[in-house]
2 protein chains.
Amino acid sequence: MDLPARQRSLREHNLAVVMRLVARNAPLSRAAIAAQSGLTRATVSAIVDELIAGGLVTEVSPPPPNGAGRPATGVVLSGATPAGLGMEINVDYLAVCVLDLAGNVRHRAHLTADQRGRTPSQTWSGLGALARAAHKAAVAQGLSIAGATVALPGLVSEQTVRIAPNLGWTETPIPAHIDGVPLSGGNEANLAALGELHALPGSEPSSFVYVSGEIGIGAGLVVNGQLFTGTQGWAGELGHVTVDPAGPDCTCGSRGCLEQYAGEDAIRSLSGLPSADLPRAAAEGSPPVLAALAQAGTALGVALSSAVNLLDLPCVVLGSHLAPLAPWLSPAIEHELQQRVLTSRWSTLEVRPSALGADAAIIGAARTVTSAIITSPAPYLASR
Amino acid sequence: MDLPARQRSLREHNLAVVMRLVARNAPLSRAAIAAQSGLTRATVSAIVDELIAGGLVTEVSPPPPNGAGRPATGVVLSGATPAGLGMEINVDYLAVCVLDLAGNVRHRAHLTADQRGRTPSQTWSGLGALARAAHKAAVAQGLSIAGATVALPGLVSEQTVRIAPNLGWTETPIPAHIDGVPLSGGNEANLAALGELHALPGSEPSSFVYVSGEIGIGAGLVVNGQLFTGTQGWAGELGHVTVDPAGPDCTCGSRGCLEQYAGEDAIRSLSGLPSADLPRAAAEGSPPVLAALAQAGTALGVALSSAVNLLDLPCVVLGSHLAPLAPWLSPAIEHELQQRVLTSRWSTLEVRPSALGADAAIIGAARTVTSAIITSPAPYLASR
DNA sequence: CCATATTAGTTCAATGGCTAAACAAATACC
DNA sequence: GGTATTTGTTTAGCCATTGAACTAATATGG
């Protein structure tokens, strides 16, 4: 339902306008902020003072003068106070990072540990230990953790993991707090897509399908800079798009699903080398591995073409275990996209590997915390 | 880019809050609007006065008193001034309707005429004649047409029809005005989905994939009450989702596309009865037609399962030529959805025929005009 | 070196939209 | 007829933004 606008709504909205401008273009002088926002210099001055008092922005030394007039003071996002804690529970590892408001990773930890034989409670406990260490490190750097988000390999809604097949989890509650910090959870592919979005240089592309490939395959969908999650947050199940209706049975109960062709186990099975280091074998030119990757690429291309036809997304980002395999998967993917996407004659379809690699999910998770403050600074300021 | 908030922004926002409440729940007293919006009675009174002065709402007689206290005056959307003109160019017909602010169809006209042998200029001219007659009829009823939208069977972006294969159009500009009224254009499936959205009783479901089936197949995607159009407005190309990667060649250059299985020509070809009245033959139990519909339903189910897995949409609405065939298509569609959609165990997937039938696109098109006024009344008020 | 032009940032009074409280209007009930 | 209740209006105060004026800090030309 719509919220009524009040006098205070003006200041809240314009705090966010200024924060977003500074986040995109720092350093920016007050006069430049005024010019770009359309607010007056008087208003911007008052807003910047409020943000400085709240520890969200800071001033930097002016650049060398390049003309007549008073030198400008630069305003940048502060690296000094609020930070976001991003975490990931995956099949083979737990990971955490602390991201400050300016987007710098201030702490990072990774624990290789098989989660498959452990109860959810044991896993949350292990993650809690990493979180405590991260929290401590952040405080030692003068940061305060404003919130935490954990990336999970499954369907997540209403603070519950509905199913994470590769962890063996069903209807598992996500704790409300971790080490005293408010905690929320999200799907790994969605959070990794958010991380990728912010790692892109400057402008384009801000629409893409991020493919997260492990045993299962998921996708994070970003449309014009916004994550698309569907009705209940369950969009992006690329791994269960039908490649061939009469294809092999899938664990989901269907047949011919993409993950039966391009999931990690499927590629190993296709190559006949169950324990191969796939990127290494591909780089060495192993014929069965190259053949398996070409087949997987074709299947990915078919499924991604359907995704692009439905969603109008001009770019495919290959993440997780698919990222190091991108050189061998991309040709087949691109070929299928070119053949099967109706709009390929008007817009160039691009396939590229993840810029953030294995850190995409934890950075994207931390980003949900910092982005919330940038997008809506007023609640944070009010809570101090 | 974000717009700065100004003093006037408060009134603009709250005009829209009130309009939206009245649109959803008319009639509503000023006191009820205040209670539901969170604004004070004093503010609501001033806002309603401004809307009444602008001809956007009107007062109705109070209902019978049912307790102590002054009787309330009801506020409803006005049927008396602004209206939207919705139009459709389809292969076999042109259609127009005039929709008032309260959602009533005040004029409707349909002209059966094959557009396939005509130039775009001839088609625009024919549509212009219908528009003039509709405009005249609206004025005679005391309405003024605030804007016009035309539904087209193809890809539309930047006031241009990029391609409409079944009309034979390529890079065809949409005129800026029609009979002196500002004109914009949109994809038929998208506009029909908007029409369906507003035809739903009360609340659920506000997320669905509307399947528009003619020779080609398109889809309008509605997620939590919002139309999803993708990066450039080209989302929803369901007809070119791959059903079988090795299937028959498609005119788009791909193979195994859904419209080769479930398009109107494809169903006729499958049944071996090229000129059959499909709904009638199905009702009479014609074996080749029933077999063809079962196959088409299976193919629709495979493609729609992929769409639902990707988009998290719990409902399928069958429109255009598929609507009267729904009783025979739905069983196979539902079967495939149940088998192939990962989330089918948590949410009930529904298949149903269009509520608006052949009028979905023209009503949805007119709705873009009236919805813009309800959602943002301030520009309309300022222009009077 | 000084006066002028220019740009950045601050100060101040006016404006308008919302609010809370008080008031007026119109009913039901005892 | 008096009191309670609900609806709708009036009024003065508050606050966030604005435009104009002012102050601060530089470059440039005579």
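The values are calculated or read from the model by the stated rules, or taken from the named source; none is laboratory data. Remember, predicted model here, so these are calculated numbers, not experimental data. Backbone-built Cβ (ideal geometry, glycine too); neighbour counts: all protein chains shown. These area figures cover heavy atoms from the full protein model, side chains too; ligands, DNA and RNA do not enter into them. Shrake-Rupley method; radii C 1.70, N 1.55, O 1.52, S 1.80 Å.
For residue B:90, what is the net charge nearby, where nearby means another residue's Cβ is under 9 Å from its Cβ and Lys, Arg count +1, Asp, Glu -1? Can you show the working numbers first?
Values: positive: none; negative: B:88, B:92, B:188, B:214.
Once positives and negatives cancel, what remains is -4.
State to the nearest 20 debye the size of the charge dipole of segment A:108-165 about its Cα centre, where the only charges are +1 on K and R beta carbons and -1 on D and E beta carbons.
Values: 6 positive and 2 negative charges, 25 e Å.
It comes to approximately 120 debye.
Probe 1.4 Å, all protein chains in place: accessible area of residue A:107 in Å², nearest 10?
40 Å²
Provide the packing ranking of B:114-126, A:301-313, i.e. peptides ordered by the mean count of other C-beta atoms within 10 Å per residue, highest first.
Numbers: B:114-126: 13.7, A:301-313: 28.5.
Going by the mean number of other Cβ atoms within 10 Å, highest first, we get A:301-313, B:114-126.
Label point 7 Å out from residue A:339 along Cα-to-Cβ: which residues of segment B:222-243 have amide N under 19 Å?
So the set is B:239-243.
For segment B:284-384, which GluC sites (Glu not before Pro) are in a loop by DSSP, counting at most 13 other Cβ atoms within 10 Å?
B:284
Buried by at least 20 Å² relative to the chain on its own: which residues of segment A:284-329 qualify, computing accessible area with a 1.4 Å probe on protein heavy atoms?
Flagged in segment A:284-329: A:302, A:306, A:309, A:310, A:311, A:312.
Please compute the per residue accessible area over segment B:201-354 with all protein chains in place, 1.4 Å probe, rounded to a whole number of Å². Numbers along the way, then the final one.
Working: 5370 Å² over 154 residues.
Per-residue value: 35 Å².
Averaged over its residues, how many other protein chain Cβ atoms are within 10 Å of peptide B:343-352's Cβ atoms? Don't skip to the answer; put the middle values down first.
Values: counts 12, 3, 4, 6, 3, 0, 0, 0, 0, 0.
The mean count of partner-chain Cβ atoms within 10 Å per residue comes to 3.
Taking the Cα centre of chain B as the origin, how large is its charge dipole in debye, to the nearest 20, when only Lys and Arg (+1) and Asp and Glu (-1) carry charge on their Cβ atoms?
Values: 23 positive and 29 negative charges, 268 e Å.
Using only the charged Cβ atoms, the result is roughly 1280 debye.
In whole angstrom, note down how far apart the Cα centers of segment A:86-121 and segment A:17-54 are.
35 Å
In Å², nearest 100, what accessible area do chains B and A bury in total when the solvent probe is 1.4 Å? Don't skip to the end; give the middle numbers.
Details: alone 17820 and 17820 Å², together 30250 Å².
Using a 1.4 Å probe, the pair buries roughly 5400 Å².
Counting only other chains, and only Cβ atoms inside 10 Å, what mean value do you get across the residues of A:253-262?
Shielding by partners across A:253-262 averages 3.
What Kirkwood hydrodynamic radius, in Å, does chain B give when the mean of 1/r is taken over all pairs of distinct Cα atoms and then inverted? Present the calculation step by step, with values, prior to reporting the outcome.
On the way: mean 1/r = 0.0446 Å⁻¹.
Radius from the Kirkwood sum: 22.4 Å.
Please sort through the DSSP H helices of chain A and keep those with an alpha-carbon extent of at least 24 Å along the long axis and a Kyte-Doolittle average not below 0.0.
Helices meeting the criterion: A:120-140, A:287-311.
Quick one: net charge of residue A:299's neighbours, Cβ under 10 Å, K/R +1, D/E -1? If you can, show how the numbers build up before the last one.
Details: positive: none; negative: A:244, A:259, A:336.
Result for the neighbourhood of residue A:299: -3.
Using a ≥ b ≥ c from the Cα gyration tensor of segment B:164-241 (square roots of the eigenvalues), is it rounded, prolate or oblate, where a/c under 1.5 gives rounded and otherwise the larger of a/b and b/c decides, a/b for prolate?
On the way: a/c = 2.13, a/b = 1.33, b/c = 1.60.
Oblate, because a/c is 1.5 or more while a/b does not exceed b/c.
Could you tell me the calculated FRET efficiency between residue B:176 and residue B:46, based on Cβ-Cβ distance and R0 = 41 angstrom, to the nearest 0.05?
Details: r = 36 Å, r/R0 = 0.89.
The computed FRET efficiency comes out at 0.65.
Å³ per residue of the Cα convex hull, for segment A:7-77?
Details: hull volume 6.1 nm³, N = 71.
Cα convex hull per residue, to the nearest whole number: 86 Å³.
Per the 1.4 Å probe, what fraction of the accessible area of segment A:80-221, in percent, lies on carbon and sulfur atoms? Could the numbers behind the result be given before it?
Details: 2740 of 5120 Å².
Whole-percent figure for carbon plus sulfur exposure: 54.
So with the 1.4 Å probe, I'd like the accessible area per residue for segment A:7-77, rounded to whole Å². Write out the running numbers ahead of the final one.
Values: 3660 Å² over 71 residues.
In whole numbers, segment A:7-77 has 52 Å² accessible per residue.
Counting helices only, and only those DSSP H runs with n ≥ 4, report the 222 nm mean residue ellipticity of chain B as the sum of -39,500 (n - 2.57) divided by its residues, in deg cm²/dmol to the nearest 500.
Details: 12 runs with 153 residues, N = 384.
Only helices count here, giving -12500 deg cm²/dmol.
Which Cα, out of B:269, B:233, B:342, lies furthest along the positive dipole direction of segment B:201-354 (beta carbon charges, K/R +1, D/E -1)?
Comparing the listed Cα positions along the dipole, B:342 ranks first.
If DNA, RNA and ligands are ignored and the probe is 1.4 Å, what is the ranking of A:286, A:144 by accessible area, most exposed first? Could you put the intermediate results ahead of the total?
Numbers: A:286 25, A:144 50 Å².
Sorted by accessible area, descending: A:144, A:286.
How many partner chain Cβ atoms sit within 10 Å of a residue's Cβ in peptide A:100-109, on average, as a whole number? Mind showing how you got there, number by number?
Numbers: counts 0, 0, 0, 0, 0, 0, 0, 0, 0, 0.
Taking the mean over all residues of the peptide, I get 0.
Using the Cα gyration tensor of segment A:345-384, with a ≥ b ≥ c the square roots of its eigenvalues, what is the shape: rounded (a/c below 1.5), prolate (a/b larger than b/c) or oblate (neither)? Working shown, then result.
On the way: a/c = 7.58, a/b = 2.04, b/c = 3.72.
Oblate, because a/c is 1.5 or more while a/b does not exceed b/c.
Looking at B:381, A:306, B:151, which one has the Cα that reaches farthest to the positive end of the dipole of the protein assembly as shown (charges on Cβ: Lys, Arg +1; Asp, Glu -1)?
The residue sitting most towards the positive pole is B:381.
What translational diffusion coefficient, to the nearest whole µm²/s, does segment B:214-361 have by Stokes-Einstein, given a Kirkwood radius computed over alpha-carbon pairs, a temperature of 4 °C and 1.567 mPa s viscosity? If you can, show how the numbers build up before the last one.
Details: Rh = 15.7 Å.
Diffusion coefficient, whole number: 83 µm²/s.
Once you sort the root eigenvalues of the Cα gyration tensor of segment B:91-207 as a ≥ b ≥ c, which label holds: rounded (a/c under 1.5), prolate (a/b larger than b/c) or oblate (the other case)?
oblate
Given that compact globular proteins tend to follow 2.2 N^0.38 Å, what is the ratio of the alpha-carbon Rg of segment A:137-293 to that value? Don't jump to the answer; show the numbers that get you there.
Details: Rg = 18.5 Å, N = 157, 2.2 N^0.38 = 15.0 Å.
That ratio works out to 1.23.
Just order A:135-141, B:48-54 by mean Cβ neighbour count inside 10 Å, highest at the front, would you? Write down the numbers at each step before the final one.
Numbers: A:135-141: 15.3, B:48-54: 17.0.
In decreasing order of mean packing, A:135-141, B:48-54 become B:48-54, A:135-141.
Around residue A:363, under 15 Å between beta carbons, what's the net of Lys plus Arg minus Asp minus Glu among the other residues?
Working: positive: A:106, A:108, A:367; negative: A:88, A:100, A:188, A:196, A:359.
Once all neighbours under 15 Å are counted, the net charge is -2.
Over all directions, the average projected area of the alpha-carbon convex hull for the protein assembly as shown comes to how many nm²? Walk me through the numbers before you get to the answer.
Values: hull surface 153.7 nm².
Taking the Cα atoms of the protein assembly as shown, their convex hull projects to 38.4 nm² on average.
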